[in-house]
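A short worksheet on the structure shown next.
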Amino acid sequence: MPHLHMEYTANLPQLDVDKALLRLNHGLVASGQFADEFDIKSRAVKVESFRVGTGLGERAFVHVKLALLSGRSPEIKKQLSDSLLALLQDLAPWPAELAVQLCVEIIDIDRASYSKAAVGL
Amino acid sequence: MPHLHMEYTANLPQLDVDKALLRLNHGLVASGQFADEFDIKSRAVKVESFRVGTGLGERAFVHVKLALLSGRSPEIKKQLSDSLLALLQDLAPWPAELAVQLCVEIIDIDRASYSKAAVGL
Amino acid sequence: MPHLHMEYTANLPQLDVDKALLRLNHGLVASGQFADEFDIKSRAVKVESFRVGTGLGERAFVHVKLALLSGRSPEIKKQLSDSLLALLQDLAPWPAELAVQLCVEIIDIDRASYSKAAVGL
């Protein structure tokens, strides 16, 4: 906890995914909501098959889903969502010829049934 | 909003994913539940590693998850789910030699913490 | 139902994904919570782009999400989560030079709006 999922459509080749994940993780650390930076597990998936709406014209999206152990207030969730969206917007320049939608969603993980173990190092 | 995720197992090569996404999106527009077709963001992911149950015999699945901003009634959700399932079934012919499970799930996105921005075009 | 998603980072090449899914499915059957083994639909996705925290050092994770039709008790969910985590740990040996986090999350699927159909065989 937390888990961050970033999906991005394949028509955004200029997006530097490694840089994006590092910035998002730094943003989560800076929020003060997480005791240990090591707990932040983020991944990005390129979406090769996608369709935005039904119209013509090339469209794209980046969708970030942040999953948190349940219990945080609506205010904290909204702050996290806004700060992640601002970080996405700062990944500019975005392509001018595409309509790109950036979205951030916060979801609860059921705390009572979450299990975790560390192995290896 | 809405976000649609379609997963399909890799043993369904005859599935025309682009056609499927377009039909699903047209179905969502036709539901009258969404103000702007542009808001519908759909993606499909081929699942290369999968296992259905523990038995022998080749099996497959297509799983559609529709994520909606919270607030819609159970009746609306059930209608959306049923109509998406009907659209999946209409993607026939399905392979006769495989046991294929088609599933549709509706999930709420927490409206209060959802953030979105449009960039580019 | 149930749906199991396993994500694993790409720096775990020794992980035998097919074996893992089969063991997890056998564990779910053994739990006695599911009427038919055929209903268990599991998939694994390799995560090529990921970042754990902000520190240096190589890190990895395996994240299992089990989605169940709503209605099971917190005790049942915790038992399922613990047993899946134990199965992950038993997929040893894990690499000694990596810090690997194993996580299991249980999530409800809204029962009222879930739709399913079988086609083919």
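Axis of helix C:74-89 versus longest Cα principal axis of chain C: the two differ by about 40°, to the nearest ten degrees.
Entry note: segment A:3-109 has Rg to Rh equal to 0.98, where both radii use alpha-carbon atoms and Rh is the Kirkwood radius. When we measure straight from the Cα of C:LYS19, which aspartates and glutamates land under 15 angstrom away, once same-chain ones fewer than 8 places off are left out? C:LYS19 reaches B:GLU48, C:GLU7, C:ASP90. I want to verify the translational diffusion coefficient of the protein assembly as shown in µm²/s; compute it with Stokes-Einstein, Rh as the Kirkwood radius over Cα pairs, at 37 °C and 0.692 mPa s. Result for D is 156 µm²/s.
For segment B:1-75, the list of GluC sites (Glu not before Pro) that fall in a loop by DSSP and count at most 15 other C-beta atoms within 10 angstrom reads B:GLU48, B:GLU58. Partner shielding of B:97-107 amounts to 6, given as the average count of beta-carbon atoms from other chains within 10 Å of each residue beta-carbon. DSSP finds beta bridges in segment C:3-109, and of those with both partners inside it, around 25 percent are antiparallel. Between 0 and 90 degrees, the angle of helix C:17-30 with respect to the longest Cα principal axis of chain C falls at about 40 degrees.
Going from the fewest other Cβ atoms within 10 Å to the most, the residues C:ILE109, B:ILE40 appear in the order C:ILE109, B:ILE40. Here the residues B:SER73, A:SER81, A:SER70, ranked from fewest to most Cβ neighbours within 10 Å of their Cβ, fall in the order B:SER73, A:SER70, A:SER81. Taking the centroid of alpha carbons for each part, segment B:1-76 and segment C:5-72 are 21 Å apart. May I ask what percent, to the nearest 5, of DSSP beta bridges between residues of the protein assembly as shown are antiparallel? Restricted to the protein assembly as shown, the bridges split so that about 45 percent are antiparallel. Evaluate the charge dipole of segment B:24-121 about its Cα centre and quote only its size in Debye, nearest 20, assuming +1 on the Cβ of each Lys and Arg and -1 on the Cβ of each Asp and Glu. Once rounded to the nearest 20, the dipole reads 240 debye. Across the options A:LEU98, A:GLY57, A:PRO13, the greatest Cα extent toward the positive end of the charge dipole of segment A:3-109 (unit charges at beta carbon of Lys, Arg, Asp, Glu) belongs to A:GLY57.
Measuring between their Cα centroids, segment B:107-121 and segment B:78-104 lie 28 Å from each other.
Per residue of A:8-20, other chain Cβ atoms within 10 Å of the residue Cβ number 1 on average. Across the options C:GLY27, C:TYR114, C:LEU84, the greatest Cα extent toward the positive end of the charge dipole of the protein assembly as shown (unit charges at beta carbon of Lys, Arg, Asp, Glu) belongs to C:TYR114. Placing a label point 7 Å from the Cα of C:ASP18 along the Cα-to-Cβ direction, the distances to the matching points in the other copies come to 3.2, 3.2 nm, shortest first. In this structure, the residue pairs whose Cα-Cα separation is over 19 Å, taken from A:LYS65/C:LYS78; A:LYS77/B:LYS65; C:LYS41/C:LYS65, are A:LYS65/C:LYS78; A:LYS77/B:LYS65. Ordered by the count of other Cβ atoms within 10 Å of each Cβ, fewest first, B:ILE107, C:ILE76 give C:ILE76, B:ILE107.
A short reminder: the numbers here are calculations on the coordinates, not readings from a lab. Predicted model, so just to flag it, every value in this text is computed and none were measured. Here the Cβ is made from the backbone with ideal geometry for all residues, glycine too, and neighbour counts use every protein chain on show.
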